[in-house]
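S.K.: One structure is given below, represented as structure tokens, and several questions about it will come after.
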Amino acid sequence: MDRVPILKIGDILLVSIQIDMEDQVALQLQEDLADRIVSVGSHGVIIDISALDIVDSFVGRTLATIASISRVLDAETIVVGMRPAVAITLVELGLSLPGIRTALNVELAMEMLATGGDAGEPDATDDTDEFVVPAP
Amino acid sequence: MTERITVTTDQDVVRVRQLVRGVAVTAKLSLVDQTKLVTAASELARNTLVYGGGGTVEVSQVDSGRRRGIKIVFADQGPGIADLDLALTDGYTSGGGLGLGLSGARRLVDEFDIDTKLGEGTSITVTKWCR
């Protein structure tokens, strides 16, 4: 099984997803990141998805879960590099990724983390968690 | 020409995405339409695997005389869908997902048909037309 590498730059973890991930690879990334956040004492995670030509609901949910896990572990997650066609498709699919911070590129994300991220703070009123689905 | 993939693992879902992308590029779908079709195919192929217990995906180019497009058929011999209206509701899931696969995929394509029988299986046909 492929594994997505996690790079450490200072106290930031940088993940650049370069492959069309199987679901298991996405779940493995989620676990690996949680481990690395704790072992490194990281305060910021940047996930670059500029190489992904689609983000489906599974990958979308994985990104949201990673953001939630990081938050609990005192790290901020920023997703960067989403392609315009991917953004259009994600929203039409019904996933607007509430609670996930985004930036156009890695450089801007690093600035956001360095300044404590006053720009682009998720909407404070956004307490409706789209990822909790009603019971059948 | 029809190409067929048997879906029994996660890797097969990736193969379905790659096949659909290739056919969409050949058919000259716009970039946004390619992205929508591949995303819909990913959702439906995963449903075939997770809820249908595996099945087949057939991708073909179609021509209505007026326009060209891509048709994809996802078929499984799984349990079938008991309540189709409910299954097509945003946010409803019988598994552990987000409940966006079926309803979201329907929004991403131009035509969407479901044929399902309890205990016999489900067949979903989607079409995306070139603009």
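The numbers here are math on the coordinates, done by the rules we state, and not lab data. All of these numbers come straight from a predicted model, not from anything done at the bench.
S.K.: Counting pairs on different chains as well as pairs 8 or more places apart, how many Lys pairs in the protein assembly as shown have Cα atoms under 26 Å apart? Numbers along the way, then the final one.
M.R.: Values: B:Lys28/B:Lys36; B:Lys28/B:Lys71; B:Lys28/B:Lys128; B:Lys36/B:Lys71; B:Lys36/B:Lys128; B:Lys71/B:Lys117; B:Lys71/B:Lys128; B:Lys117/B:Lys128.
Taking the protein assembly as shown as the scope, the lysine pair count is 8.
S.K.: Among B:Ala27, B:Ala105, B:Ala82, which one shows the highest mean-square fluctuation when chain B is modelled as a Gaussian network with alpha-carbon springs under 10 Å?
M.R.: Taking springs between Cα atoms under 10 Å, the residue moving most is B:Ala82.
S.K.: Using just the helices of chain B, give the 222 nm mean residue ellipticity in deg cm²/dmol: DSSP H runs with n ≥ 4 each add -39,500 (n - 2.57), and the total is spread over all residues, rounded to 500. Kindly include the intermediate steps, with their values, before the conclusion.
M.R.: On the way: 4 runs with 49 residues, N = 131.
It lands at -11500 deg cm²/dmol.
S.K.: For chain B, report the convex hull volume of the alpha-carbon atoms normalised per residue, in Å³, without decimals. All intermediate terms of the calculation are to be shown ahead of the outcome.
M.R.: On the way: hull volume 12.9 nm³, N = 131.
In chain B, the Cα convex hull volume per residue is 99 Å³.
S.K.: Still on this structure: Given the options B:Glu43, B:Glu58, B:Glu111, state which has the largest fluctuation in a GNM of chain B using a 10 Å cut-off (strictly under) for Cα springs.
M.R.: Looking only at B:Glu43, B:Glu58, B:Glu111, the biggest GNM fluctuation is shown by B:Glu111.
S.K.: Ignoring solvent entirely, what values of log10 I(q)/I(0) come out of the Debye formula for the protein assembly as shown at 0.07, 0.10, 0.15 Å⁻¹ when each Cα is a single scatterer?
M.R.: Values, matching the q order: -0.26, -0.52, -1.09.
S.K.: Further question: Once each part is reduced to its C-alpha centroid, what is the distance from the range B:1-61 to the range A:44-59 in angstrom?
M.R.: 19
S.K.: Okay, moving on. Taking every pair of alpha-carbon atoms in chain A, give the share separated by more than 24 Å as a whole percent.
M.R.: Values: 2274 of 9180 pairs.
The calculated P(r) of chain A puts 25 percent of pairs beyond 24 Å.
S.K.: Sticking with this one: Please determine, in degrees from 0 to 90 and to the nearest 10, the orientation of helix B:31-50 with respect to the longest principal axis defined by the Cα atoms of chain B, where the helix direction is its Cα long axis.
M.R.: 30
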